[in-house]
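The structure under discussion appears below in the form of structure tokens.
The values are calculated or read from the model by the stated rules, or taken from the named source; none is laboratory data. Model, not experiment: these values are computed from the prediction. All Cβ positions, glycine included, derive from the backbone under ideal geometry; neighbour counts span all protein chains shown.
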Amino acid sequence: MVGSYEFKISSEHISYEFAIKRNITFIQGDSGTGKTTLIELLEQALVSPSDVGVAVETKAEWEVLDNNIWRQSVHLTWCNKIVFIDEGLWCLSSKDFARFVKNSGNYVVIISREPHKSLNMLPHSTKEMYRIRYVDGINTLEEIYPTEKFVPSQKPDIIVTEDENAGFVFFTAVAERSGSECYQGKGKPNIDNVLRENNYFSGKKILIVADGAAFGPQIKFFNNLIELYPNIQLWLPESFEYLILSSPLFDSTKEVREILANPSHKISTEYFSWERFFTWCLKQEAAKQGTWYNKNNLNVCYKRDCCCKDKQCALYTEGDKLDLILGAYAPLFRADNETKMKPESTLKRLSF
Amino acid sequence: MKIQAEMTIPNKQKTGEEMCGVLYIHFYDKHELFERYPHMIFDTTTYFKNTFRPEWLSSDLAKEMVFDVDKSVVESPYCIMSPIFGQIAPERLSGGVHALLLMLQDTKELMVWATNCGDNCAKWILKIAEKKDLHIGLSHYMRFGDPDEPMEAILVNTGREIHNTRDYFHAIAEVW
């Protein structure tokens, strides 16, 4: 299943309008905001589409998964549907449920506050976690953790990466250049361990870098962390591979530009997270350009200035490679006495 | 049903005052809570619907909670005015309010799964716990207030005393 699907649901008393864009969406938020009512309206419309006083407009096929349907295994026949699930479903924590989400080819919309352990096996995006917001008579979905809140705004003394492979190697190079330190969190739960072992690096500016496409189960905890410790910031790009793909290294590639402009229309449920997709995409695009990308072993081309100025190379660019990948945030990662990054207009690329 | 705590839970008592309540937080995922406390109420809405008594909506505190969380006015125990649906019966209140009203009842053995509650219920959980010992099951990080805001609780998992939201954060971080 691929794409973004709009929904308009209404009864005499209440209306909802929203879009579902990825394979896993969470609806959370305060009590009394209409989450359960949404599921009830969908259930009623399923039973009798025309005579229950509920209108559902959407191009998607959709279902509601409850405990009875789960017990009877009816859901196993569903494919290419949007499946709405209320928090009463007991199997949400089970491996069978994780398997269903991963392999069925459906999108799931889950109303639950619990960061289910099983769903840690199915990483979900911080961007697809919503609360219901009532605006001008219509209930819409509002991002709980908007991307613009989780970007760096101050030069870090210490960088902590969730990633222990290519991302860590890259940010280690960034840290070395700017005189900072870099620690690896070795996965989301261990980031907090690193912080606690170092007493939250009191008095220093910390930047935690993690893949937003997979950080959903941890975000509420870390959002509260940065509230308590203003010296700590959180940066959640979709993924490290996304940073590379959206840098000038690939801006002449039409396919990459199309994917980045509208990812939900290009990324299918074949990839259970956009992080996996961007990794695959980067590998493919790098190979097309005659080079390579490996998550476990960062190609030096992604962290060092070009060595092939006299040869044709698809990744040839002038300018600091680290800066190119860091993008708009590059000035925050320079040593205090370094000159600023060259404007993009002076970057040259060999054309083939 | 006996509420089983892992460690000796201290009795908190203010000198010269009546014994006040304590919030005991049992922080585990849902299935572990079910194994530890088989009679915990997870489906608070269904339980509420089948056990509701009109006196549950007679206190000022109950009416305040309904108004604050659901924006609804209790006109009588069986008639509540909702801004969306008009007159509704008590079972049409939100799951979070059902959970709060169950917590409010003076039933020592009743233990409620507080992950049914949004963050907007957190201050009411603390208010209920001021009046009596309150044991709740919790499977998600509930936000109890702004940074360093006072709160009193005990995390049963470790026996750690919590005096503000910073303590709460660190207590949860140890067991998450």
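Miscellaneous remarks
- Any hit, region B:149-160, residues being among the polar types (S, T, N, Q), assigned to a helix (DSSP H, G or I) and either modelled with pLDDT of 95 or more or over 23 Å from A:I111 (Cα atoms) (or both): no
- Cross-chain or 6+ apart pairs with Cβ under 6 Å, region A:252-265 first and without any contact (Cβ under 8 Å) to a residue 12 or more places away in the chain, then surrounded by 14 or more Cβ atoms within 10 Å (Cβ to Cβ): none
- Scanning region B:131-170 for residues that are loosely packed, with under 15 Cβ neighbours inside 10 Å, among the charged types (D, E, K, R) and within 14 Å of chain A (Cβ to nearest Cβ) yields a total of 3.
- The listed residue being surrounded by 20 or more Cβ atoms within 10 Å (Cβ to Cβ) and without any contact (Cβ under 8 Å) to a residue 60 or more places away in the chain, out of A:V194, A:V209: A:V209
- Taking (1) closer than 30 Å to A:S11 by Cα; (2) in a loop (DSSP other than H, G, I, E, B); (3) among the hydrophobic types (A, V, I, L, M, F, W, C) in turn, A:V151 satisfies each apart from (1).
- Helices (runs of 4 or more DSSP H) contained in region A:237-352 and holding at least 1 residues over 30 Å from A:N23 (Cβ atoms), modelled with pLDDT of 90 or more and among the hydrophobic types (A, V, I, L, M, F, W, C): A:321-326
- For B:F67, the conditions (1) modelled with pLDDT of 95 or more; (2) under 11 Å from the mean Cα position of the chain (by Cα) all hold with the exception of (2).
- Only one of the listed residues (A:L46, A:L42, A:L92, A:L38) is within 14 Å of another protein chain (Cβ to nearest Cβ) and free of Cβ contacts under 8 Å to residues at least 60 places away in the same chain. That residue is A:L92.
- Checked against the criteria, B:I88 does not count as over 14 Å from the mean Cα position of the chain (by Cα), facing chain A (nearest Cβ under 10 Å) and either surrounded by 15 or more Cβ atoms within 10 Å (Cβ to Cβ) or under 19 Å from B:E55 (Cα atoms) (or both).
- Considered as a group, the residues in region B:1-43 that are β-branched (V, I, T) and at pLDDT below 50 include one that is farthest from B:H135 (Cα to Cα), and that residue is B:T15.
- Within the option set B:V112, B:V175, being touching a residue at least 60 places away in the same chain (Cβ under 8 Å), touching a Ser or Thr at 6+ places or on another chain (Cβ under 8 Å) and farther than 29 Å from A:G34 by Cβ holds for one residue only, B:V175.
- Any pair with Cβ under 6 angstrom, 6 or more apart, that starts in region A:160-172 at a residue that is without any contact (Cβ under 8 Å) to a residue 60 or more places away in the chain and ends at one that is part of a loop (DSSP other than H, G, I, E, B): A:V160/A:G185; A:E162/A:G185; A:E162/A:A210; A:E164/A:K186
- Considering region B:50-74, the residues that are more than 13 Å from every other protein chain (Cβ to nearest Cβ) and among the charged types (D, E, K, R) include one that is farthest from A:G88 (Cα to Cα), namely B:D60.
- Output for region B:106-121, where each listed residue is of a type outside the set (S, T, Y) and within 14 Å of chain A (Cβ to nearest Cβ): B:V112, B:W113, B:A114, B:N116, B:C117, B:G118, B:D119, B:N120, B:C121
- Selection status of B:W124, modelled with pLDDT of 95 or more, out of contact with any strand residue (DSSP E or B) (no Cβ under 9 Å at 6 or more places or on another chain) and within 14 Å of chain A (Cβ to nearest Cβ): yes
- Within the span defined as region B:103-125, one or more residues are of a type in the set (D, E, K, R), closer than 28 Å to A:I144 by Cα and surrounded by fewer than 17 Cβ atoms within 10 Å (Cβ to Cβ).
- Filter pass, A:T172 being more than 27 Å from A:E241 (Cβ to Cβ) and of a type in the set (S, T, Y): no
- Flag if A:W70 is within 14 Å of chain B (Cβ to nearest Cβ), in contact with a helix residue (DSSP H, G or I) (Cβ under 7 Å, 6 or more places away or on another chain) and either touching a residue at least 12 places away in the same chain (Cβ under 8 Å) or farther than 30 Å from A:F277 by Cβ (or both): no
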